[in-house]
Amino acid sequence: MTGAMKLVVPTLAEAWSGQLLAARLPFYELSRWSVPFVEIVVGVVLGIGLFTRLAATLVIGLMTAATYVHLVVNDPSLFPLQPSAPLIPLSVIAICAYLLRRSGGSWSSDLSATKTHAR
C-alpha cells in the first residue's frame, strides 16, 4: 500500500493498522502515522531524482520492515491489495539496491545539481 492510500482509504488504513499490531512492531502509534507521510515524501523525492541514494536507503529500511510484516502476519485479510508473500517489498528492495549502485540517472535532479555546481 502506498502512503497516500494508508491515509485516505479507510479499509486500507485499518489493514495497515492491523498489520502493525499483528506484527507487534515497536512504536505502533508513531509508525501508524509517520510511515505513510515518509512513504509519500520519499516517493516524490525518488520520482524527481533528488537525493536518490539517501531516499533509496530509506526505502530499503521501510521495505525490510514490510517484508518482516509479510513473513510474520498470517492473516490474509490484512493484505487486501497485496499477495501474502512479500513480492512487492522484495521487488522494491531490488530496485532501490540498483539505485544505490547507479544513482538517479541522466534525468535526475541530483545530476542536474552536480552539473550546475561544476560550472
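The values are calculated or read from the model by the stated rules, or taken from the named source; none is laboratory data. Note that the structure is a prediction, hence the values are computed from the model and not measured. Cβ coordinates were reconstructed from backbone atoms using ideal geometry, including for glycine residues, and neighbour counts include every protein chain displayed.
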Being touching a residue at least 24 places away in the same chain (Cβ under 8 Å) and closer than 26 Å to LEU54 by Cα is the filter; apply it to region 71-94 and report the residue that is farthest from the chain's Cα centre (by Cα). LEU90
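Among the candidates ILE93, ILE88, single out the residue that is hydrophobic (A, V, I, L, M, F, W, C) and modelled with pLDDT of 90 or more.
Working: ILE88 fails: modelled with pLDDT of 90 or more.
Residue meeting the stated conditions: ILE93.
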